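One structure is given below, encoded as structure tokens.
The values are calculated or read from the model by the stated rules, or taken from the named source; none is laboratory data. Here the structure is a predicted model, which is why all the values come from computation and not from measurement. Here Cβ is always computed from backbone atoms with ideal geometry, including for glycine, and neighbour counts include all displayed protein chains. Note: accessible area is taken over every heavy atom of the protein model, side chains too, but ligands, DNA and RNA are not part of it. Shrake-Rupley method; radii C 1.70, N 1.55, O 1.52, S 1.80 Å.
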Amino acid sequence: MKLKNVFVAGGMPTVTYIDREHLSLESSLRNELAEGYKIVAITGPTKSGKTVLCKKVISERDSVWIDGGQVDGSDDFWGGLLRNLDLPDEETISEKVSISASFKAVIGLKTQVSDGKTVKFNGATKKEILQVMRERDLSLIVDDFHYLEDKLQTEVVRSLKSEVFEGLQVVLIAVPHRAFDAISAEPEMEGRYSHINIPEWSENDLKEIASIGFPKLGMQMASETIDEFCSESLGSPLLMQRFCGRLCLNYSVTETIKPARDYLPTKTVREAIYRQVSEQFGFPTFEKLAKGPQSRSKRNPRRLRDGTGSLDIYQAILVAVGNTGPKPKLHYDKIREALQNLLRDVDVPQKHEVSNALGQMEIIARRKLKGEPVLEWSDDYLYLTNPFLMFYMRWSDAAEIAKIP
Ligand SMILES: Nc1ncnc2c1ncn2[C@@H]1O[C@H](COP(=O)(O)OP(=O)(O)O)[C@@H](O)[C@H]1O
Ligand SMILES: [Mg+2]
């Protein structure tokens with residue numbers, strides 16, 4: 001068996017797919033779909049397994065997927081839907097008399113879209129498309145629904161409404177923040193949608209990824225390493241899959257080895273993996289926050305207590321917070337303490353400066369980063385919601401961060 005088929009970070013795992021049965025996620029989704037006549041909303045933190053769950057439960061053949069992150073406006077949404085819709089072509093259809101006019105119309109539209117023509121959709125054509133999907137028993141899945149503009153979210157829910165009541169199956173996937181304002185704002189939707197929340201991963205659940213995966217590759221992994229991976233994953237199955245995969249590569253295991261062997265990775269090996277992975281997953285988000293809102297030249301350099309260099313206030317706060325663990329919820333007093341440990345006394349920022357910088361970072365998180373805000377600052381508490389950002393903060397060091405231009 002090949003490594004890439006065992007530990008899958010960022011795609012659809014099969015061998016190491018964990019159903020977390022105690023949460024009944026698959027059965028809840030199956031039951032909602034079986035009951036029908038409603039919009040099923042699936043929410044959960046970034047990279048918690050929302051897409052994976054839907055792919056597991058709903059077969060590709062019986063569904064049409066739209067990726068909210070790829071959609072640019074209303075016509076693109078409906079065009080994308082058509083493109084992904086598996087329909088017979090125009091020639092086959094023209095010979096048959098039993099085909100309804102609306103079905104023919106939809107096929108014609110699809111041909112135009114597939115030929116790269118710009119098609120404008122109106123209420124009637126949208127309805128026809130959805131009707132054809134319902135008649136062919138195809139479910140509509142809008143992944144990362146939160147990426148659609150607010151106006152389009154409302155439009156989509158409004159167009160879906162009547163077909164859903166007729167039996168069209170619809171699943172909308174999103175992050176929890178402000179989830180489904182569009183649905184609940186729509187009249188008559190009350191009781192017509194159901195919500196499945198994907199909870200964070202416990203260390204026990206994460207552990208299964210390793211306990212199933214390593215033996216498949218003939219690796220008997222030290223349990224201390226697996227436990228450490230579980231806690232370093234900060235609740236993210238994606239990080240867990242990545243650590244395990246990287247560890248195999250470290251020993252040059254790219255497919256199952258025979259006979260099986262024991263492995264006891266050193267601290268150096270494990271920490272090198274954390275550093276590599278943090279660069280890959282957390283850095284892009286971190287960088288945007290660390291840059292802050294305006295040009296760097298206006299900012300005071302704040303000298304490090306250990307004499308190795310200096311950071312500006314945005315960098316210093318992020319490094320200080322990282323040095324606390326970091327925890328998902330952190331009071332200002334802890335941030336101040338960490339800043340005092342990091343910076344020379346005269347360079348420690350005042351409370352209002354820290355507060356202002358964190359407020360600015362929250363704005364960046366809301367406006368410049370897609371999806372759920374990765375950071376929130378309110379009532380003297382800092383909330384961190386993104387495992388990749390937290391992981392980066394934990395494993396990066398001040399020297400690297402000072403280099404961010
Ligand atoms: N049930 C699962 N079992 C094992 N690994 C999973 C599971 N769900 C998610 N993962 C891991 O996490 C990654 C991200 O999952 P994904 O469903 O894409 O997240 P989301 O859609 O919530 O952002 C997957 O590529 C996989 O590596
Ligand atoms: Mg997804």
FRET E, pair residue 26, residue 324, Förster distance 51 Å, beta-carbon r, rounded to 0.05:
0.85
Hey, what's the per residue convex hull volume over the C-alpha atoms of segment 203-281, in cubic angstrom?
79
Projected onto the charge dipole of segment 1-146 (unit charges on the beta-carbon of Lys, Arg, Asp and Glu, signs +1, +1, -1, -1), the Cα from 131, 84, 6 with the largest positive-side position is that of 6
Assigning unit charges at the beta carbon (Lys, Arg +1; Asp, Glu -1) and nothing else, what dipole magnitude in debye, to the nearest 20, does segment 27-104 show about its Cα centre?
540
Mind checking which of 174, 210, 222 has the largest fluctuation in a GNM of the chain, springs on alpha carbons under 10 Å?
222
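When the accessible area of segment 203-281 is split by element with a 1.4 Å probe, what percent falls to carbon and sulfur?
The computed percentage sits at 49.
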If R0 = 56 Å, then residue 266 and residue 288, at their Cβ-Cβ distance, give a FRET efficiency to the nearest 0.05 of 0.95
Rounded to 0.05, the calculated FRET efficiency for the beta carbons of residue 111 and residue 249 at R₀ = 56 Å is 0.75
Among 349, 326, 259, whose mean-square fluctuation peaks in a Gaussian network model of the chain (Cα, cutoff 10 Å)?
259
Could you state the angle between the C-alpha long axis of helix 101-114 and the longest principal axis of the C-alpha atoms of the chain, as a value from 0 to 90 degrees rounded to the nearest 10?
40
Among beta bridges that DSSP assigns inside the chain, antiparallel share in %, nearest 5:
35
Listed residues 318, 348, 116: farthest to the positive end of the dipole of the chain (Cβ charges):
348
Roughly what would the spin-label model give for residue 37 and residue 194, points 7 Å off Cα along C-beta, in nm?
1.3
Answer in debye to the nearest 20: the dipole magnitude of segment 280-405 about its Cα centre, from +1 Lys/Arg and -1 Asp/Glu charges placed on Cβ, is 360
Residue-normalised accessible area of the chain, given per residue in Å² at a 1.4 Å probe
49
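Could you work out what % of the accessible surface of segment 21-197 is carbon and sulfur, using a 1.4 angstrom probe and leaving DNA, RNA and ligands out of the count?
44
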State the extension gain, in nm to one decimal, for the chain segment bounded by residue 220 and residue 332, taking 0.36 nm per residue of separation less the distance between their alpha-carbons.
35.9 nm
Accessible surface of residue 165 in the full protein assembly, 1.4 angstrom probe, to the nearest 10 Å²?
50
Expected max-MSF residue from 151, 288, 327 in the GNM of the chain (alpha carbon, under 10 Å) is 151
Counting only the heavy atoms of the protein chains, how much of residue 264 is accessible to a 1.4 Å probe, in Å² to the nearest 10?
130
Helix 150-166 sits off the longest principal axis of the Cα atoms of the chain, rounded to the nearest 10 on a 0 to 90 degree scale, by 40
Rounding to the nearest 10 and keeping the result within 0 to 90°, find how far the Cα-based axis of helix 267-281 lies from the longest principal axis of the chain.
50
Normalise the Cα radius of gyration of the chain by 2.2 N^0.38 Å (N = residues in it) and let me know the number.
1.16
Dipole magnitude of the chain about its Cα centre (Cβ charges: Lys, Arg +1; Asp, Glu -1), debye to nearest 20:
1180
